[in-house]
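S.K.: Got a structure here, written out as structure tokens. Questions coming.
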Amino acid sequence: MTDAALIRLTAAELGDKLAAGDVSAVEVAKAHLDRIEAVDGDVHAFLYISDTALDAAAAIDRRRASGESLGALAGVPIAVKDVLCTLDMPSTSGSKILEGWVPPYDATVVSRLRAADLVLLGKTNMDEFAMGSSTEFSAYGPTHNPWDLDRIPGGSGGGSAAAVAAFEAPLALGSDTGGSIRQPGAVTGTVGVKPTYGGVSRYGAIALASSLDQVGPVSRTVLDSALLHDVIKGHDPRDSTSLRDEWPSFAEAARSGLAGGALQGVRVGVVRELNGEGFQAGVKARFAEALELMANAGAEIVEIDAPSFEYAISAYYLILPAEASSNLAKFDSVRFGLRVQPEGGGTVEDVMAATREAGFGPEVKRRIILGTYALSAGYYDAYYGSAQKVRTLVQRDFAKAFDQVDVLVSPSAPTTAFRFGEKLDDPLSMYLNDLTTIPANLAGIPGISVPMGLAAEDGLPTGLQLMAPARADARLYTYGAAVEQLLEQSWGHTLISRAPDLSTTEQTAATEGVI
């Protein structure tokens, strides 16, 4: 099998071929490393490439040859968002203040990847400390969308989504604070999952907003995300917010959705507040088509009112900066990371100020200032306290909705990928990119973004978001896989198969016969 064919296999297909001995882990790893070398100069999905990936793959091949029983994804390559600590690679969270810092430990999810014998390819680019919706706020330069290199790949996890969309890796890990897995998934034509809060350990994930952050899978199919979720799920005693639930097999849930008839009688709620003014016409058209397909497959489409969702984005942008200003206080030039000595010396406070001025980017500074103000004496109740009350109302609206329906749906993002620089001078416009994804983070419920087709006006990917009650992640995989299959059957091919071949001069999606 050629390298070109090998990198386009799904993770599930790669796992099967590796188990059958049709291909070696070294061959698979080398094919992806060669792909990274060939195209990542244009995409810039990676900040660091592992120098031990081939050694790890060779060790897996030896163990398999000795007859050892290995997991379903053993030997499958994976990329890891730079927000996750890795003891053998730098972990910078996209910031100059952590440039070159190598942690003394692995994040729990990274430890679980290694234990399941996945091959770590490297660390992916991201908005600094996960603050952004475009990966333009990385201190190391932006990542480019493989569908159109002049456009953003979403954020904050644009590097992970772009790596998967560019066939540099079949799988990746991201983190989702307000949509940072699902929104990049939507604009790059990939699958992104935000698990139930507490369902996947956050130990070793560099914190942005501790009550909102959640680590999750990035892939090209729902089944691949389910297989990866099975690896990283489960209780972690080192994470005080980790749930003690016994989780079902998400891969089995996804396969049940592919078996046919999964949507028969399912009540699908359309949230009126998440599909209105400001949504791109091509996104709305694709969403209407997806709803029609679900209805034809036997689903009951129900319109749902969630009035508090109107205020969710305002509440989020008070809660997140407040928690970020607390979490980022540890970057003080004293314990680890960058240290800048002011000219002529100075006090500890002077060194701290100089270090933060040099080490933090403009978006991080903006949110720290906003969060510190919201938590200050005299303003705490008016701002942070009020935002938490809105959060409770959002949770109640979700509870009422799930009394009426099995799953909620909306577009994953209001528009397709925008051009670089288009929103940099308008932070509020940038923040609105997370309009549809933020409510799930405020409520702690799971969500998945599935490719929904290409928008007619620009030929770029759109995403369908499904949301389920807390702890009902398996439901998302069943219905998500069923919808994915319906959409692909209607197109006659997978959406990712339409992605441009970056090894040629073609850089944008063809719009002829747009799906």
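S.K.: List the number of the failed condition for residue 78; all other conditions in (1) assigned to a strand (DSSP E or B); (2) surrounded by fewer than 23 Cβ atoms within 10 Å (Cβ to Cβ) hold.
M.R.: Only one criterion is unmet by residue 78, namely (2).
S.K.: Being in contact with a Ser or Thr (Cβ under 9 Å, 6 or more places away or on another chain), touching a residue at least 60 places away in the same chain (Cβ under 8 Å) and either surrounded by fewer than 16 Cβ atoms within 10 Å (Cβ to Cβ) or over 20 Å from residue 452 (Cβ atoms) (or both) narrows it down to one residue among 322, 312; which is it?
M.R.: 322
S.K.: Mind checking whether some residue in segment 370-388 is at pLDDT 95 or above, touching a strand residue (DSSP E or B) at 6+ places or on another chain (Cβ under 7 Å), part of a helix (DSSP H, G or I) and not aromatic (Phe, Trp, Tyr)?
M.R.: no
S.K.: Residue 250 passes all but one of (1) surrounded by 24 or more Cβ atoms within 10 Å (Cβ to Cβ); (2) closer than 15 Å to residue 481 by Cα; (3) touching a Leu at 6+ places or on another chain (Cβ under 7 Å); (4) not hydroxyl-bearing (Ser, Thr, Tyr); which number fails?
M.R.: All conditions pass for residue 250, except number (3).
S.K.: Within segment 260-283, is even one residue closer than 30 Å to residue 112 by Cβ and assigned by TED's automatic domain parsing to the domain that holds residue 486?
M.R.: For segment 260-283, residues closer than 30 Å to residue 112 by Cβ and assigned by TED's automatic domain parsing to the domain that holds residue 486: present.
S.K.: Here's another thing I want to ask about it. I'm trying to understand the selection: among the residues of segment 159-178, which are within 18 Å of residue 47 (Cβ to Cβ), among the small types (Gly, Ala, Ser) and not in a helix (DSSP H, G or I)?
M.R.: Those that are within 18 Å of residue 47 (Cβ to Cβ), among the small types (Gly, Ala, Ser) and not in a helix (DSSP H, G or I): 166, 169, 172, 174, 175.
Every residue, every condition in (1) among the β-branched types (Val, Ile, Thr); (2) under 24 Å from residue 96 (Cβ atoms); (3) surrounded by 15 or more Cβ atoms within 10 Å (Cβ to Cβ), yes or no:
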{"residue": "379", "(1), (2), (3)": "no, no, no"}
{"residue": "384", "(1), (2), (3)": "no, no, yes"}
{"residue": "396", "(1), (2), (3)": "no, no, no"}
{"residue": "407", "(1), (2), (3)": "yes, no, yes"}
{"residue": "410", "(1), (2), (3)": "no, no, yes"}
{"residue": "416", "(1), (2), (3)": "yes, no, yes"}
{"residue": "421", "(1), (2), (3)": "no, yes, no"}
{"residue": "425", "(1), (2), (3)": "no, yes, no"}
{"residue": "429", "(1), (2), (3)": "no, no, no"}
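S.K.: Just to be sure I understand the filter: pairs with C-beta atoms under 9 Å, separated by 6 or more residues or on different chains, first member in segment 334-351 and within 21 Å of residue 129 (Cβ to Cβ), second member of a type in the set (Lys, Arg) and not in a helix (DSSP H, G or I). Which pairs pass?
M.R.: Pairs found: 351/339.
S.K.: Kindly indicate whether residue 86 is at pLDDT 95 or above and exposed (fewer than 15 other Cβ atoms within 10 Å of the Cβ).
M.R.: So residue 86 fails the test.
S.K.: State whether the residues of segment 394-412 include one that is of a type in the set (S, T, N, Q), within 30 Å of residue 275 (Cβ to Cβ) and part of a helix (DSSP H, G or I).
M.R.: Looking through segment 394-412, at least one residue is of a type in the set (S, T, N, Q), within 30 Å of residue 275 (Cβ to Cβ) and part of a helix (DSSP H, G or I).
S.K.: Could you identify the single residue in 129, 167 that is more than 26 Å from residue 37 (Cβ to Cβ) and out of contact with any Phe, Trp or Tyr (no Cβ under 8 Å at 6 or more places or on another chain)?
M.R.: 129 is the lone residue from the list that is more than 26 Å from residue 37 (Cβ to Cβ) and out of contact with any Phe, Trp or Tyr (no Cβ under 8 Å at 6 or more places or on another chain).
S.K.: Moving on. Would it be correct to say that residue 207 is outside any strand (DSSP E or B) and either out of contact with any His (no Cβ under 7 Å at 6 or more places or on another chain) or surrounded by fewer than 24 Cβ atoms within 10 Å (Cβ to Cβ) (or both)?
M.R.: yes
S.K.: Give the number of residues within segment 15-53 that are buried (at least 22 other Cβ atoms within 10 Å of the Cβ) and either among the hydroxyl-bearing types (Ser, Thr, Tyr) or without any contact (Cβ under 8 Å) to a residue 24 or more places away in the chain (or both).
M.R.: Total meeting the criteria: 1.
The values are calculated or read from the model by the stated rules, or taken from the named source; none is laboratory data. Because the structure is predicted, anything quoted here is derived from the model rather than measured. Methodologically, a virtual Cβ is constructed for each residue, glycine included, from the backbone with ideal geometry; neighbour enumeration extends over all protein chains shown.
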